[in-house]
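Here, each number is a calculation from the coordinates, and none is a lab measurement. In this text the structure is predicted, and so the values were computed from the model without any measurement. All Cβ positions, glycine included, derive from the backbone under ideal geometry; neighbour counts span all protein chains shown.
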Amino acid sequence: MEDLKRDYQDAYDSWQVQLRRLHGVLLEGERIAPPLMKGLLNREARAKERYDEARRRLLGLSE
């Protein structure tokens, strides 16, 4: 159970880092080049997927 909690927390923290970076661009007007924006969107999406998977495992749910 501790591994599940740690995995969940790590995934959540990683997603929040990527989400803050994305919000900097989308909400706060930070400028980045289009190729960097694509990379940022991909990193946020992968981090969210990792978080969703960890959350399901922690809750004992299957996909």
*Length gained when the stretch ARG43-GLU2 is fully extended (0.36 nm per residue, less Cα-Cα span)*: 12.1 nm
*Kirkwood hydrodynamic radius of the stretch 2-59 from all distinct Cα pairs, in Å?*
12.0
*Tell me, what is the percent relative contact order of the chain, built from C-alpha pairs under 8 Å that lie six or more residues apart?*
52
*Say the dipole of the chain comes from +1 at the beta carbon of Lys and Arg and -1 at that of Asp and Glu; which of PRO34, LEU59, LEU4 then lies farthest toward its positive end?*
PRO34
_the chain - charge dipole about Cα centre, Lys and Arg +1 at Cβ, Asp and Glu -1, debye rounded to 20_ = 200
*Highest average packing first - 32-42, 17-27, Cβ atoms within 10 Å*: 17-27, 32-42
